[in-house]
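Visitor: One structure, as structure tokens, below. Some questions next.
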Amino acid sequence: MPRLSPLDLDRLTPEQQRALDEVLAGPRGAQAAPGTIPRGPIESWLRSPGLCDPAQKLGAHVRFANSLAPDLAELAIILTGAHWRAQFEFWAHARAAQRAGIADAVIEAIRDGREPQLEGHARTVYDVVTELLGTTRVSAPTYARALEAFGEQGLVDLVGTVGYYSLVSLTLNTFEVGVPEGETPPFEE
């Protein structure tokens, strides 16, 4: 059960309405049902419109304009969601990862905390993300491999993806935003 009550769309402050209008004008708006707030962290963030607006704009870049290939970005997202054990985040992006071509066995291994069988650029993403989240650093060999694989922009986008989805995961965990009714949470509580 979420800790925050649903916002009444007819009672938003002008600042909240502006922030929501920005969300709905972007790529998330196309995914939201009319008259609703997109699922995930947005409803929580609307309690602080000054945070919501720049955070959702960063998210729009990370999710929809990332220089990484979609499968690699989704791999980074589910690794981050699994690290934080964010129920909704992992649930939602496991589906996006499947659509991006990530094998079910890889998704399940990540969900279970096991090291998946990965090669090439996917292995590099895995190594960067797990080192960064596990040690707060990226080793020189992993950094060199990632820089060669993705270039400076790609590596910055990868780190930005981990950072943004850490913020999302922490928001979802704090306010106990779970999976939709009828769905099974990916992690045992």
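Visitor: Among all helices in the chain defined by DSSP H, which have a length of 24 Å or more along the axis from Cα atoms plus a Kyte-Doolittle mean of at least -0.5?
Guide: Numbers: long enough: 140-174 (36 Å, 0.46).
Once both thresholds are applied, what remains is 140-174.
Visitor: Could you work out the relative contact order of segment 1-143, using alpha carbon pairs under 8 angstrom and six or more residues apart, expressed as a whole percent? Walk me through the numbers before you get to the answer.
Guide: Numbers: 107 pairs, mean separation 24.1, N = 143.
Relative contact order here is 17 percent.
Visitor: Counting other beta carbons within 10 Å of each Cβ, put Phe187, Phe150, Phe88, Phe64 in order, fewest first.
Guide: The fewest-first ordering by Cβ neighbours comes to Phe64, Phe187, Phe150, Phe88.
Visitor: For Pro180, what charge total do you get from the other residues with a beta carbon under 15 Å from its beta carbon, if Lys and Arg give +1 and Asp and Glu give -1?
Guide: Its environment carries a net charge of -3.
Visitor: Another question about this same structure. Calculate the FRET efficiency for Gln117 and Arg3 from the Cβ-Cβ distance with a Förster distance of 35 Å, rounded to the nearest 0.05.
Guide: 0.40
Coordinate-derived values only; no laboratory data. Model, not experiment: these values are computed from the prediction. We place every Cβ from the backbone using ideal geometry, glycine too, and count neighbours over all the protein chains shown.
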